[in-house]
Number of protein chains: 2
Amino acid sequence: MQFHKIDQDDVTFFKSILEEKYVRVDEENLYRCASDETEDLRYLPEIVLQPGTTEDVSSVMKYCNEHDIPVTARGAGTGLSGGALPIYGGVALDMKRFNKILNIDKRNFQVTTEPGVITQELQEHLKSEGLFYPPDPASKGSCFIGGNVSENSGGPRAVKYGVVKDYVLNLEIVLADGAVIWTGANVLKNATGYNLTQLIVGSEGTLGIITKIVLRLIPAVKHDLLLLVPFRSAVDACAAVNTIFLAGFTPSALEFMERDALEWSMRYVKSTGINLPDDIAAHLLIEVDGNHIDELYRDAEAISEIVQQYDIGEVLFADSHEQKEMLWTLRRKVGEAVKSNSVYKEEDTVVPRAELPELLQVIKKLGREYGFQSVCYGHAGDGNLHVNIVKGAMSDEDWNTKLPEGIRKLFVEVVRMGGTLSGEHGIGLVQKGYMDIAFNDVQMNLMRQIKHVFDPKGILNPGKITPGP
Amino acid sequence: MQFHKIDQDDVTFFKSILEEKYVRVDEENLYRCASDETEDLRYLPEIVLQPGTTEDVSSVMKYCNEHDIPVTARGAGTGLSGGALPIYGGVALDMKRFNKILNIDKRNFQVTTEPGVITQELQEHLKSEGLFYPPDPASKGSCFIGGNVSENSGGPRAVKYGVVKDYVLNLEIVLADGAVIWTGANVLKNATGYNLTQLIVGSEGTLGIITKIVLRLIPAVKHDLLLLVPFRSAVDACAAVNTIFLAGFTPSALEFMERDALEWSMRYVKSTGINLPDDIAAHLLIEVDGNHIDELYRDAEAISEIVQQYDIGEVLFADSHEQKEMLWTLRRKVGEAVKSNSVYKEEDTVVPRAELPELLQVIKKLGREYGFQSVCYGHAGDGNLHVNIVKGAMSDEDWNTKLPEGIRKLFVEVVRMGGTLSGEHGIGLVQKGYMDIAFNDVQMNLMRQIKHVFDPKGILNPGKITPGP
């Protein structure tokens, strides 16, 4: 694809539809929109546009479609697969002005929001109305709800409450040619034509620009309890995950952290709140929630009985707000902590839950074989393990040539176990080279042709998800 | 589209790939596959093929694609929108031999099944293993799980547990040209490319033939209680639905039945189990479920307190197996009962839950205006109301010309309230004429083009979902 390079005429046009202050070509804005939280990648856009309304987006898209200018939508830039990187330059469509919660429909347990609202702010606003929107990615304090929809994000609570896709009822999107449509209806059940809504969720800005989001909500849950269980064997910790489910419990979070993950996070946030004996190899962080506190204590007791069959240390019960907050902060900061320690790559493996122990062993075995060190943590209850590969003492050459072979081997094993390439981070730029492991040509061609239906000229976030041009 | 009429050469070919006894041109089979449970419609296929393996289906599709022969997949024929009717003749692809549950993966709470398994048999088999697959359409005793996936069916338990789409993890499908693919992976979280799985769910056999289904399961729930609440005003009953949710309760079923629905069902199944005073206009059937029976009694008590604010009769508590079974049978047989009473049409309206009272009033108002009688019942907790329009004394002319105007007006109102054309029955043949009410040309063209990606020659269940040829 040959894209048109933005020239003065284009800038003049953009200034005719957006106020001048929302048409940015200054270095600060270009550099801000050149990267996200994915490794240290940087791709400069040619211009940053900051539309404020659906009509603005429509005018921009119509023009860019006519003039072959690539458009990459951008939320808060917290993505972990490079989905928001404008790798062909063109327009970075900065959605930060779409920051309004438009309508909280308490009667119907629904909210209509713009995509540029910070997820945690949306959640807290809803909570104050007695409503609960569960998906809570680790970056919830800074990420946008629109980015969450685009990547089909998850987070710790997905294990009980599902991921973003399970809450999206309807989307307003702007198509590549500027046309504006709703993808569905604001109803809980829908058997009316093809499910365009679910096609857009997780499509990473390659099929349309999301301008409004209707989410279903549930009643706020009254209580929760948190357990931190230390294991002397990390494989045991992985095995315990399934044991808990097989006993009939569905925790509201079930997180795994290798020792390094927790240790680095404690150092990073300067916490001394947790005793970490030398013989502990991993932890499970287990939350139960519900409306009857006595029942939660009963469930927490039962779960801590169940894990006694493994070689564990002393279980920490957290029932005060401060203790729970401390533990969740440690868990949420693992990613940043690991990344602050070294050059790194993060893989977002996901397998059927019972295969977790095997997955962990495969990761470590490949590490020995290909010479990489990994720190693993993540949403074990979903079978979703983040593998942070730290460069440490690895040579640049090994990092650039040998490591990719090891990662490829890892995904081959993941797919063999019934898993796939990404549980919640998306494919974006950095994972698309592995798509051939999960999909054959027939599947890839279906995806390419669907992309072509929505975006015949290929201007929407080009170079993402599907390999090749 | 000009389709090829099946000739002796085609029959010879089909007999070369399927045993002779699975290539049917006898009247009995042709007539069996000519209709489903939708009104009294009948469209004869030219041939009935009964493949037994994915390879069989692939060979049939490849041949039909090359020879422009339409193929309409058929499950148990319980559909309510004419989705399985071979309106252009051609092949009726009878999936009844796909009747094996292939693998129950208890460790991962998953089942892999063929599409021709009866839903209730699948559920009971899973229950005996301590596993729970919630979606339970009224026809569960005879419908196939493959048809449920194709129509994105619901049922009473959807209100708490979600519909079929919420349980489908992965599908093996045969494309129009005979290619075989899996649509996803057997994982709980997936952010890997476009969601082909959810595109197939509810696509009514127009995008591919489903040959294997992977469902996620949940642990079996131990207890349930059932309440039947009689209301003196049907609009009150609709209003009470939302009052229960606003009080923080999520019943595992919340069904509405107008008086006629229950009365006709009692007559149909010859039941005398329920006292039906003259002043009762409608009932709510409310189920709560969970693992702690004492908590369920508490919830049931609380809900029966809540509904006291309306003008109600005596609440019936059902906690014996026999009583519960009797009530559920009455509810499930409403559809058949109403239909056995008169020529009828059934509409599958769905609105945001809080709009139910308005929906009911609109239905009755339109009935007076267009001269039709309606019996309403359905999954009120989801905002999903089935409207059975009975012909009764209506003249043939009014039935054929005036009524469709009334139904169109009804759907215009439904869409105005934020609802859509079908909650769980699908669009199929009989609702496609109303698609323009819910979708504009841009949306319809996206759907048509997606169809074209999967089925360029338009041989898969032609004439369904999208209006026009």
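Assorted remarks:
- If you filter region A:283-300 down to residues that are touching a helix residue (DSSP H, G or I) at 6+ places or on another chain (Cβ under 9 Å) and at pLDDT 95 or above, you find that the one that is surrounded by the fewest Cβ atoms within 10 Å (Cβ to Cβ) is A:289.
- Where a residue in region B:202-228 is closer than 30 Å to residue B:294 by Cα and in contact (Cβ under 8 Å) with a residue 60 or more places away in the chain and its partner, wherever it lies, is in a loop (DSSP other than H, G, I, E, B) and open to solvent by less than 10 Å² (accessible area, probe 1.4 Å), with Cβ under 6 Å and at least six apart: B:216/B:167; B:217/B:133
- Hey, residue A:180 aliphatic (A, V, I, L, M), under 24 Å from residue B:466 (Cβ atoms) and in contact (Cβ under 8 Å) with a residue 12 or more places away in the chain or not: yes
- Only a single item in (1) of a type outside the set (A, V, I, L, M, F, W, C); (2) within 11 Å of chain A (Cβ to nearest Cβ); (3) touching a Pro at 6+ places or on another chain (Cβ under 8 Å) is not met by residue B:97, and it is number (2).
- Figure legend. Inter-residue proximity from region B:374-389: first residues closer than 15 Å to residue B:421 by Cβ, second residues in a strand (DSSP E or B) and hydrophobic (A, V, I, L, M, F, W, C), beta-carbon distance below 6 Å, spacing 6+ or different chains. Indicated pairs: B:378/B:385; B:383/B:350; B:384/B:350; B:385/B:376; B:387/B:376.
- Condition check for residue A:446: facing chain B (nearest Cβ under 8 Å), aliphatic (A, V, I, L, M), farther than 22 Å from residue B:448 by Cβ and open to solvent by less than 20 Å² (accessible area, probe 1.4 Å): no
- Index of the failed condition, residue B:415 passing every other in (1) more than 27 Å from residue B:206 (Cβ to Cβ); (2) modelled with pLDDT of 95 or more; (3) more than 16 Å from the chain's Cα centre (by Cα): (1)
- None of B:103, B:99 is under 24 Å from residue B:121 (Cα atoms), open to solvent by 40 Å² or more (accessible area, probe 1.4 Å) and assigned to a strand (DSSP E or B) except B:103.
- Restricting region A:164-181 to residues that are at the interface with chain B (Cβ under 8 Å from one of its Cβ atoms) and more than 21 Å from residue A:70 (Cβ to Cβ), the residue that is surrounded by the most Cβ atoms within 10 Å (Cβ to Cβ): A:165
- Subset of region A:415-430 [open to solvent by less than 10 Å² (accessible area, probe 1.4 Å) and either farther than 18 Å from residue A:37 by Cβ or part of a loop (DSSP other than H, G, I, E, B) (or both)]: A:419, A:420, A:421, A:423, A:426, A:427, A:428
- Every residue from region A:431-443 that is facing chain B (nearest Cβ under 8 Å) and open to solvent by 40 Å² or more (accessible area, probe 1.4 Å): A:440, A:442
- Odd one out for residue A:394 among (1) assigned to a helix (DSSP H, G or I); (2) open to solvent by 10 Å² or more (accessible area, probe 1.4 Å); (3) more than 14 Å from every other protein chain (Cβ to nearest Cβ): (1)
- Candidate set: region A:367-387, residues that are assigned to a strand (DSSP E or B) and among the small types (Gly, Ala, Ser); chosen: the one nearest to residue A:350 (Cα to Cα): A:378
- Selection status of residue B:124, more than 10 Å from chain A (Cβ to nearest Cβ) and in contact with a strand residue (DSSP E or B) (Cβ under 9 Å, 6 or more places away or on another chain): no
- Within region B:62-104, the set of residues being charged (D, E, K, R) and free of Cβ contacts under 8 Å to residues at least 40 places away in the same chain comprises B:66, B:100.
- For region A:1-22, the set of residues classified as farther than 27 Å from residue A:464 by Cα, assigned to a loop (DSSP other than H, G, I, E, B) and open to solvent by 100 Å² or more (accessible area, probe 1.4 Å) consists of A:19 only.
- Scanning region B:391-421 for residues that are touching a helix residue (DSSP H, G or I) at 6+ places or on another chain (Cβ under 8 Å) and of a type in the set (A, V, I, L, M, F, W, C) yields B:394, B:403, B:407, B:410, B:411, B:412, B:414, B:415, B:417, B:421.
- Selection within region B:434-444 - farther than 22 Å from residue B:87 by Cα and either aromatic (Phe, Trp, Tyr) or free of Cβ contacts under 8 Å to residues at least 24 places away in the same chain (or both): B:439, B:440, B:441, B:442, B:443
- Enumeration of residues in region A:261-296 that are over 14 Å from residue A:328 (Cα atoms) and either among the small types (Gly, Ala, Ser) or touching a Phe, Trp or Tyr at 6+ places or on another chain (Cβ under 9 Å) (or both): A:280, A:281, A:282, A:290
- All of A:192, A:206 fail the test of being out of contact with any His (no Cβ under 9 Å at 6 or more places or on another chain) and either more than 8 Å from chain B (Cβ to nearest Cβ) or closer than 14 Å to residue B:195 by Cβ (or both), apart from A:206.
- Set A:214, A:241: member being surrounded by 23 or more Cβ atoms within 10 Å (Cβ to Cβ), at pLDDT 95 or above and farther than 30 Å from residue A:170 by Cβ: A:241
- Single residue of A:336, A:355, A:325 found to be part of a helix (DSSP H, G or I), touching a residue at least 40 places away in the same chain (Cβ under 8 Å) and more than 12 Å from chain B (Cβ to nearest Cβ): A:336
The values are calculated or read from the model by the stated rules, or taken from the named source; none is laboratory data. Quick caveat: nothing in here was measured; it's all calculated off a predicted structure. We place every Cβ from the backbone using ideal geometry, glycine too, and count neighbours over all the protein chains shown. Side chains are part of the model used for accessible areas, which takes the heavy atoms of the whole protein and leaves out ligands, DNA and RNA. Shrake-Rupley method; radii C 1.70, N 1.55, O 1.52, S 1.80 Å.
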